[in-house]
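Chemist: Shown below is the structure under consideration.
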Amino acid sequence: MYRRSIEDPAGFWSDIASEFYWKQKWGQEVYSENMDVRNGTISIEWFKGGITNICYNCLDRNVESGIGDKIALYWEGNELGVDGSLTYRQLLERVCQLANYMKDIGVRKGDAVVIYLPMLMELPIAMLACARIGAVHSVVFAGFSAESLAQRIVDCKPKVVLTCNAVMRGSKIIYLKDIVDKALTESTGNGISIDTCLVFENQLAMKREATKWHEGRDVWWQDVVPKYPTTCSVEWVDAEDPLFLLYTSGSTGKPKGVLHTTGGYMIWTATTFKYAFDYKPSDIYWCTADCGWITGHSYVSYGPLLNGATVVVFEGAPNYPDSGRCWDIVDKYNVTIFYTAPTLVRSLMREGDEARNFSNITRICHVKIYVPSDFNCSLTMQYVTRYSRKSLRVLGSVGEPINPSAWRWYYNVVGDSRCPISDTWWQTETGGFMITPLPGAWPQKPGSATFPFFGVQPVIVDEKGTEIEGECSGYLCVKGSWPGAFRTLYGDHERYETTYFKPFPGYYFTGDGCSRDKDGYHWLTGRVDDVINVSGHRIGTAEVESALVSHPQCAEAAVVGVEHEIKGQGIYAFVTLVEGVPYSEELRKSLVNAVRNQIGAFAAPDTIHWAPALPKTRSGKIMRRILRKIASRQLDELGDTSTLAEPAVVDQLIALGNSKI
Ligand code: ATP
Ligand code: MG
């Protein structure tokens, strides 16, 4: 299939696209592209002239094919025992009601709609309702500050904002409506006034009486939406009409408004989901991502629903009420495919790693194992193993390189050494998986995303932009377009060309570094800006971090380069230790030695900076650009920190840096 997808992309993709519903088939050309800035404006089109609707393909098509009574969404609330579900037919009805309401208040094809909702079923419902009427949704993760939300509202000028009054996340309550109020005031100050703010009353978190209200603008969802008919005609759109706008997570700077269109994105998410997870109709699928990120768009909502899958949507936090929650959910719904991020794997590993704790006990006690009943270890071990997890069949990872030690824990402990791991490399920009294993199709290597998906031609280029063959490492680019590629950055086509197509003319530049081993496997080494040059050796931050995390007492590590008089750049490592392990000089040496032994003396960190926590984006990625500034003490140049999950972490790290650990 891969060979055909490269040799005959038009035939390959039109065969797959024909399995979906098109009101009218695309024109003569399946795709047309200019990916080379030297030949003029960059443009990518797939299935142009084809008339379709992604909501129709997710819902109506499945109901008509006879799976109307199959569960589309299982919803698991923050609190244990609070849950719900919707069949495909019920989901379609709910989507139609909201679509009718939006049409009634004047939302038309091409209008933007901002969705600021937590992981309630109303979030995928809202996305699908927009798609049904041809409106362009822009989901903003409901954890972003009022400023970040306002910034996005000002950028895309929505007709309406959909939100809820409050949400419980773990034991914390978050007053979302207050944040929206503030953002709307700020937007008005910037000349954007919003006529309607539709507010879902999330009774489990907050009653409507306690909610601050803006008469004339705010409308309770429950008061209006259920009154609308449960059928709604479809707005048929061109394959190249915009579907949504989504801002990247902002790890490398100001977030970019990535624009995806309808037809190609639909075919891409459906096909990647089906093959990379080896999807079968009997599967119960759970992806822990929030719909505020691309993963939640492509692999909570569109990809699985296009395949008629049953999807678990989880509102809560993975460590609430304790760190066993994920496996509790897996057993409750008999989840067969589980997809998450390395950051979650590492944090759960930190809480309770059977193998690691056992080795500690045996080391202390030699042969005879005596564990007092109140010994903390015996409790933490059970976070995973107290659940059966027998239903699991395939595991997935996305977001960052997964270091081999976390991979092994995920594989051996979570998956009981029987579930293949799909380490999916992709980006907001790519719409869906680009380099990923196909479960069972080829041997895995822990930490490698393996091989390209159908239709993807990854190339590794050197600094001059020349393709390098065979075993090598360099800049990861992609040759030729694929259906799920983003078509522009909203309102800034120039930035689109400059960021992605000018660095290496003729290719799409991913911004990531990559090496290819002798067997052709791809190893993502992190963002190219993160590559450190120590005395002429180019070292990927991912490699050093991986060596540090393989140390039994290191939970997480983030490595950056700092100026060094002799070596050009030196390695500066921020290290978070396993729960309860104290920092010591001896441990520092042993961490440095772990890197020496695994990579070589040239990669040994010059500094180890103890970090109780690391600054992360709200999608859980480490923000190295901020760490670089802390490491080089350029504290007045920290830049945009609005997308950080916990800004206080930065001050903590600065203070610890001052105390020269
Ligand atoms: P921004 O572009 O705003 O800096 P971001 O790149 O973090 O933010 P996303 O599009 O969410 O935003 O993330 C894509 C990036 O995540 C990839 O470019 C890559 O660096 C990293 N990534 C995702 N999946 C993997 C994976 N399986 N292995 C290695 N890296 C991955
Ligand atoms: Mg990016």
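The values are calculated or read from the model by the stated rules, or taken from the named source; none is laboratory data. Remember, predicted model here, so these are calculated numbers, not experimental data. As a convention, Cβ positions derive from the backbone with ideal geometry for all residues, glycine included, and neighbour counts pool all protein chains shown. Surface accessibility is based on the protein's heavy atoms, side chains included, excluding ligands, DNA and RNA. Shrake-Rupley method; radii C 1.70, N 1.55, O 1.52, S 1.80 Å.
Chemist: For a quick protection proxy, order the peptides 42-51, 603-612 by their average other-Cβ count within 10 Å, most packed first.
Modeler: In descending order of packing, they fall as 42-51, 603-612.
Chemist: Could you compute Rg(Cα) / (2.2 N^0.38 Å) for segment 547-637, with N its residue count? Show your work: numbers first, answer last.
Modeler: Details: Rg = 13.1 Å, N = 91, 2.2 N^0.38 = 12.2 Å.
Normalised Cα radius of gyration, segment 547-637: 1.08.
Chemist: Could you quote the convex hull projected area for segment 214-337, Cα atoms only and averaged over all directions, in nm²?
Modeler: Approximately 12.0 nm², given one-decimal rounding.
Chemist: Which value in Å is the Kirkwood Rh of the chain over different Cα pairs?
Modeler: So the Kirkwood estimate lands at 25.7 Å.
Chemist: Quote to one decimal, in nm, the extra length available between Y175 and S282 on full extension: 0.36 nm per residue of separation minus the C-alpha distance between them.
Modeler: Going from the current span to full extension adds 34.7 nm.
Chemist: Between T385 and R633, how many nm apart are label points set 7 Å from Cα along the C-beta direction?
Modeler: 4.8
Chemist: Right, here's the next one. Any idea which of H609, T641, I622 is furthest toward the positive side of the dipole for segment 585-653, if Lys and Arg beta-carbons carry +1 and Asp and Glu beta-carbons -1?
Modeler: Highest projection toward the positive end goes to I622.
Chemist: Taking only protein heavy atoms and a 1.4 Å probe, what accessible area per residue, in Å², does segment 1-87 have with all protein chains in place?
Modeler: Heavy-atom SASA per residue in segment 1-87 reads 48 Å².
Chemist: Let me check something: with ligands and nucleic acids excluded, how do R108, R3 order by accessible area (1.4 Å probe), largest to smallest?
Modeler: Largest accessible area first, the residues go R3, R108.
Chemist: Here's a follow-up. For a quick protection proxy, order the peptides 493-504, 416-427 by their average other-Cβ count within 10 Å, most packed first.
Modeler: 416-427, 493-504
Chemist: Also, I was wondering about something else. If ligands, DNA and RNA are left out, what is the accessible area of V154 with a 1.4 Å probe, given in Å² to the nearest 10?
Modeler: Per-residue accessible area (V154): approximately 40 Å².
Chemist: From the phi angles alone, apply the Karplus equation (6.51, -1.76, 1.60; θ = phi - 60°) to segment 151-166 and give each ³J(HN,Hα) in whole Hz, x where the residue is Gly or Pro.
Modeler: Listing the rounded values in order: 3, 6, 5, 5, 5, 10, 6, x, 6, 8, 10, 9, 8, 9, 6, 7 Hz.
Chemist: Taking only protein heavy atoms and a 1.4 Å probe, what accessible area per residue, in Å², does segment 146-201 have with all protein chains in place?
Modeler: Numbers: 2130 Å² over 56 residues.
Heavy-atom SASA per residue in segment 146-201 reads 38 Å².
Chemist: Among the DSSP beta bridges whose two residues both lie in segment 132-219, what percent are antiparallel, rounded to the nearest 5?
Modeler: About 30 percent, rounded to the nearest 5.
Chemist: Just from its helices, what would the mean residue ellipticity at 222 nm be for the chain, if runs of 4 or more DSSP H residues each count -39500 (n - 2.57) and the sum is divided by every residue, rounded to the nearest 500 deg cm²/dmol?
Modeler: -8000 deg cm²/dmol
Chemist: Another question, then. Return the Rg/Rh value of segment 60-109, two decimal places, where both radii are evaluated on C-alpha atoms and Rh is the Kirkwood radius. Display every interim value, and only then the final one.
Modeler: Details: Rg = 14.0 Å, Rh = 12.5 Å.
Ratio of gyration radius to Kirkwood radius for segment 60-109: 1.12.
Chemist: All other residues with a Cβ under 14 Å from the Cβ of D111 taken together, and with Lys, Arg as +1 and Asp, Glu as -1, what is their net charge?
Modeler: Taking every other residue near D111 into account, the sum is +2.
Chemist: Using the reciprocal of the averaged 1/r over all distinct C-alpha pairs, how large is the Kirkwood radius of segment 402-509 in Å?
Modeler: Value: 15.6 Å, from the Cα pair sum.
Chemist: Mind checking the per residue accessible area of segment 572-640 for me, 1.4 Å probe, whole number of Å²?
Modeler: Result: 43 Å² per residue.
Chemist: Still on this structure: So what's segment 173-285 giving for Rg/Rh, alpha carbon basis, Kirkwood Rh from the mean inverse pair distance?
Modeler: 1.05
Chemist: Given a 1.4 angstrom probe, I'd like the percentage of the accessible area of the chain that is carbon and sulfur, rounded to a whole number.
Modeler: 50
Chemist: Run through every distinct alpha carbon pair of segment 540-593 and return the Kirkwood hydrodynamic radius in angstroms, one decimal place. All intermediate terms of the calculation are to be shown ahead of the outcome.
Modeler: Working: mean 1/r = 0.0850 Å⁻¹.
So the Kirkwood estimate lands at 11.8 Å.
Chemist: Working from the alpha-carbon coordinates of segment 472-550, get Rg over Rh, Rh being the Kirkwood radius. Show your work: numbers first, answer last.
Modeler: Values: Rg = 14.9 Å, Rh = 14.3 Å.
Reported Rg/Rh (Cα atoms, Kirkwood Rh): 1.04.
Chemist: Here is a further query. Return the long-range amide H neighbours of F453 (sequence gap of 5 or more, or a different chain), with a cut-off of under 5 Å between placed amide H atoms.
Modeler: Under 5 Å from the amide H of F453 lie the amide H atoms of I435, T436, each far enough along the sequence or on another chain.
Chemist: DSSP beta bridges in the chain, what fraction antiparallel, as a percent rounded to 5? Write down the numbers at each step before the final one.
Modeler: Numbers: 59 of 97 bridges.
Percent antiparallel among DSSP bridges in the chain is about 60.
Chemist: Can you compute 3J(HN,Hα) from phi for each residue in segment 516-527, using the Karplus curve 6.51 cos²θ - 1.76 cosθ + 1.60 with θ = phi - 60°, rounded to whole Hz and x for Gly and Pro?
Modeler: 10, 8, 5, 8, x, 6, 9, 10, 6, 10, x, 5
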